[in-house]
1. When Lys and Arg each count +1 and Asp and Glu each count -1, what net charge do the other residues less than 9 Å away from Glu191, Cβ to Cβ, add up to?
2. In whole Hz and in residue order, list the ³J(HN,Hα) couplings for segment 42-50 that follow from phi through the Karplus curve 6.51 cos²θ - 1.76 cosθ + 1.60, θ = phi - 60°; x for Gly and Pro.
3. Per-residue counts of other Cβ atoms within 10 Å, averaged by peptide: what ranking do you get for 184-196, 135-147, 115-127, 61-73, highest first?
4. Between beta-carbons, use under 15 Å as the cut-off and find the net charge around Leu149, counting Lys and Arg +1, Asp and Glu -1.
5. From the C-alpha gyration tensor of segment 56-209, pull out the three semi-axes of the equivalent ellipsoid (sqrt of 5λ each), sorted largest to smallest, in whole Å.
6. Would you kindly derive the ³J(HN,Hα) couplings of segment 157-171 from the backbone phi angles with the Karplus curve 6.51 cos²θ - 1.76 cosθ + 1.60 (θ = phi - 60°), listing them in order in whole Hz, with x for Gly and Pro?
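Throughout, read-outs are computed from the coordinates displayed, never taken from laboratory work. Please read all numbers here as calculations on a predicted model, not as lab measurements. Note that each Cβ is placed from the backbone with ideal geometry, even for glycine, and that neighbours are counted across all protein chains shown.
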Amino acid sequence: MKEFRNFLMMAAAAAICIPAVLAQDATTTTASTTTPAPKYTIQQRKNNQQQRIGNGVENGSLTAGETHNLEKQESNLNKEEHTMRAEDNGKLTTADRKALNQQQNHLSNEIYNDKHNATHQNLNPQSEVGQRQRNQQERIGQGIKSGQLTAGEASHLENREAGVNHEIATDRAANGGKLTAGEKAKVNKQENANSRAIYNKKHNTRHRG
């Protein structure tokens, strides 16, 4: 009889505790499902994309040609946003934000793919020309990350660098993998001009907003 009373007392205690536990679980579940996912503004997304591109330029996972293409797209998006705001008194409509976010999603995928493909910069160049190329890329990457270079400026600079890179590759292919003294002098002259352009664009009044 004593054992039966103990059994009834244990059953009653369990009946009291279980609803409390279930209620606690329900509260946790409700809280987790109703917590909104973090939302990023259009500007935050642009800044994030630029940081990713700048990192890729600095660490060599993005070539000058790839960066030129990505930054050209980013620049076009910025122009599109500017037009949208001009049409709505400086604001973006819900439809505007949706359209811009969709395009940023597409660009985000391109950044990832370009950074993880088989095409990379030479991070340990042995030639003077190669070392200058690497130095220019590091300066451009830093300017992109810091906001000193706008997407349009970065696209322009990287287009110039890609042109020099293509010229070097063509000259090397025609000369058994080497550059003649005249070709080196020509490349250095072009890189001097590119170096001044990098400096000027990083120190003008235009910066990423």
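1. +1
2. 4, 5, 5, 5, 4, 4, 5, 4, 5
3. Numbers: 184-196: 14.8, 135-147: 20.5, 115-127: 12.5, 61-73: 22.3.
Packing proxy ranking, top to bottom: 61-73, 135-147, 184-196, 115-127.
4. Working: positive: Lys46, Arg52, Lys72, Arg139, Lys145, Arg160, Arg196, Lys201, Lys202, Arg206, Arg208; negative: Glu58, Glu71, Glu74, Glu138, Glu153, Glu158, Glu161.
Charge balance near Leu149 sits at +4.
5. Working: eigenvalues 230, 58, 28 Å².
Working from the Cα gyration tensor, I get semi-axes of 34, 17, 12 Å.
6. 5, 6, 5, 5, 5, 4, x, 5, 4, 5, 5, 4, 4, 5, 5
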